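The values are calculated or read from the model by the stated rules, or taken from the named source; none is laboratory data. Computed from a prediction, not measured in an experiment: that's the story for all the values here. Cβ placement follows ideal geometry from the backbone for every residue including glycine, while neighbour counts extend to all protein chains displayed.
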């Protein structure tokens, strides 16, 4: 490498180091909820596929991969929505919307994240590598769907759900009904909790022309969310039945179902923005409870 190239590389790294706080906000280091909401269903699938005994390699790949791809999704979303974000009170301070970072800098961060994710995928089998391209497609597609459909939450569910498919194929090198049922459960779950999230911005979204399930269902969103959550419980019940899981799994699923019901009742009373954000964040605990049920099922099979 020439002296010029070394100097140029140092200058490049220096600029990024100086903007590390803005990059951290761009990839939501301060708000890791999305990473957990992507990672937890992926771990459900990984543990079920490996019958409770995932390898360290697979755990490392899918935990790191969840962080990297959620971060990449945030960057892609902010690049696409930069002009809209600048008009919405909650999002106008985001690094790209406020010009704290340029679009070129955002693109470089996105390229780095996707490249690192691809290196992780390359450690897996060929089927998983091929499916990862579809996962990337939906992750990039999601931000654009807010312009032409009221169901971008469904597309987000597809993007988040690919972690489930990839985790299963990484272990078993094949697809079956089980990962698709987990995928469907996650599709409805994501649509439900992201509808709750979108309700916080419903009035601003209507004003600037952003579409969402929250805009579509409006004051009837609690009914739609209730349907989505009931489908989550039903799909995961089918998974437990087909895989002959034990009492502790169903106890965890019942606990999650009770929390779903509580959330729907709260939505019916029109929760405040702070209340909506609390309900959204609590889904990390719901995902953790279900994961705990899967783990305990294999460690205490007598139940």
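How about segment 218-246: which of its residues are at positive phi and touching a residue at least 12 places away in the same chain (Cβ under 8 Å)? Of everything in segment 218-246, just one residue is at positive phi and touching a residue at least 12 places away in the same chain (Cβ under 8 Å), namely 218. Picking from residues in segment 39-61 that are touching a residue at least 60 places away in the same chain (Cβ under 8 Å) and farther than 23 Å from residue 245 by Cα, the one that is surrounded by the fewest Cβ atoms within 10 Å (Cβ to Cβ) is 57.
On the given criteria, is residue 98 on the phi < 0 side of the Ramachandran plot and within 19 Å of the chain's Cα centre (by Cα)?
The answer is no for residue 98.
Number of residues in segment 200-224 that are at pLDDT below 90, surrounded by 14 or more Cβ atoms within 10 Å (Cβ to Cβ) and not in a loop (DSSP other than H, G, I, E, B): the value is 5.
What about residue 119, is it in contact with a helix residue (DSSP H, G or I) (Cβ under 6 Å, 6 or more places away or on another chain) and either within 22 Å of residue 75 (Cα to Cα) or surrounded by fewer than 22 Cβ atoms within 10 Å (Cβ to Cβ) (or both)?
On the way: in contact with a helix residue (DSSP H, G or I) (Cβ under 6 Å, 6 or more places away or on another chain): no; either within 22 Å of residue 75 (Cα to Cα) or surrounded by fewer than 22 Cβ atoms within 10 Å (Cβ to Cβ) (or both): yes.
For residue 119, the condition - in contact with a helix residue (DSSP H, G or I) (Cβ under 6 Å, 6 or more places away or on another chain) and either within 22 Å of residue 75 (Cα to Cα) or surrounded by fewer than 22 Cβ atoms within 10 Å (Cβ to Cβ) (or both) - is not met.
Criterion applied to 24, 73 was being closer than 20 Å to residue 144 by Cβ, at pLDDT below 95, within 19 Å of the chain's Cα centre (by Cα) and part of a helix (DSSP H, G or I), and the one residue passing it is 73.
Does residue 236 qualify as being crowded, with 20+ Cβ neighbours inside 10 Å, in contact with a helix residue (DSSP H, G or I) (Cβ under 9 Å, 6 or more places away or on another chain) and either modelled with pLDDT of 95 or more or under 20 Å from residue 156 (Cβ atoms) (or both)? Considered against the rule, which asks whether it is crowded, with 20+ Cβ neighbours inside 10 Å, in contact with a helix residue (DSSP H, G or I) (Cβ under 9 Å, 6 or more places away or on another chain) and either modelled with pLDDT of 95 or more or under 20 Å from residue 156 (Cβ atoms) (or both), residue 236 comes out as yes. Does segment 169-177 contain at least one residue that is under 18 Å from the mean Cα position of the chain (by Cα), free of Cβ contacts under 8 Å to residues at least 60 places away in the same chain and crowded, with 21+ Cβ neighbours inside 10 Å? No, because not a single residue in segment 169-177 is under 18 Å from the mean Cα position of the chain (by Cα), free of Cβ contacts under 8 Å to residues at least 60 places away in the same chain and crowded, with 21+ Cβ neighbours inside 10 Å.
Specify which of the listed residues (107, 97, 139, 159) is part of a helix (DSSP H, G or I) and more than 26 Å from residue 224 (Cβ to Cβ).
Working: 97 fails: part of a helix (DSSP H, G or I); 139 fails: more than 26 Å from residue 224 (Cβ to Cβ); 159 fails: more than 26 Å from residue 224 (Cβ to Cβ).
Every option except 107 fails the conditions.
Residue 155 fails exactly one of the following numbered conditions: (1) closer than 23 Å to residue 277 by Cβ; (2) touching a residue at least 40 places away in the same chain (Cβ under 8 Å); (3) in contact with a helix residue (DSSP H, G or I) (Cβ under 7 Å, 6 or more places away or on another chain). What is the number of that condition? That leaves (2) as the condition not met.
Out of everything in segment 120-133 that is assigned to a helix (DSSP H, G or I) and more than 20 Å from the chain's Cα centre (by Cα), what residue ends up being nearest to residue 277 (Cα to Cα)?
At the first step, the residues of segment 120-133 found to be assigned to a helix (DSSP H, G or I) are 120-121, 126-133.
Checking which are more than 20 Å from the chain's Cα centre (by Cα) leaves us with 126-127, 130.
On the way: 126: 40, 127: 38, 130: 36 Å.
Per the criteria, the residue is 130.
Scanning segment 283-290 turns up no residue that is buried (at least 16 other Cβ atoms within 10 Å of the Cβ) and modelled with pLDDT under 95. Scanning segment 97-108 for residues that are buried (at least 16 other Cβ atoms within 10 Å of the Cβ), closer than 17 Å to residue 140 by Cα and in contact with a helix residue (DSSP H, G or I) (Cβ under 7 Å, 6 or more places away or on another chain) turns up just one, 106. For segment 173-223, which residues satisfy the criterion of being out of contact with any helix residue (DSSP H, G or I) (no Cβ under 7 Å at 6 or more places or on another chain) and more than 24 Å from residue 162 (Cα to Cα)? Those that are out of contact with any helix residue (DSSP H, G or I) (no Cβ under 7 Å at 6 or more places or on another chain) and more than 24 Å from residue 162 (Cα to Cα): 201, 203, 204, 207, 209, 216, 218, 219, 220, 223.
Just for segment 267-280: of the residues that are in contact (Cβ under 8 Å) with a residue 24 or more places away in the chain and surrounded by fewer than 16 Cβ atoms within 10 Å (Cβ to Cβ), which one is nearest to residue 248 (Cα to Cα)? The residue in question is 268. One residue stands out among those in segment 76-94 that are in a helix (DSSP H, G or I) and touching a residue at least 24 places away in the same chain (Cβ under 8 Å): the one that is surrounded by the most Cβ atoms within 10 Å (Cβ to Cβ), which is 78. Of the residues making up segment 248-282, those that are at pLDDT below 95 and not in a helix (DSSP H, G or I) are 269, 270, 271, 272.
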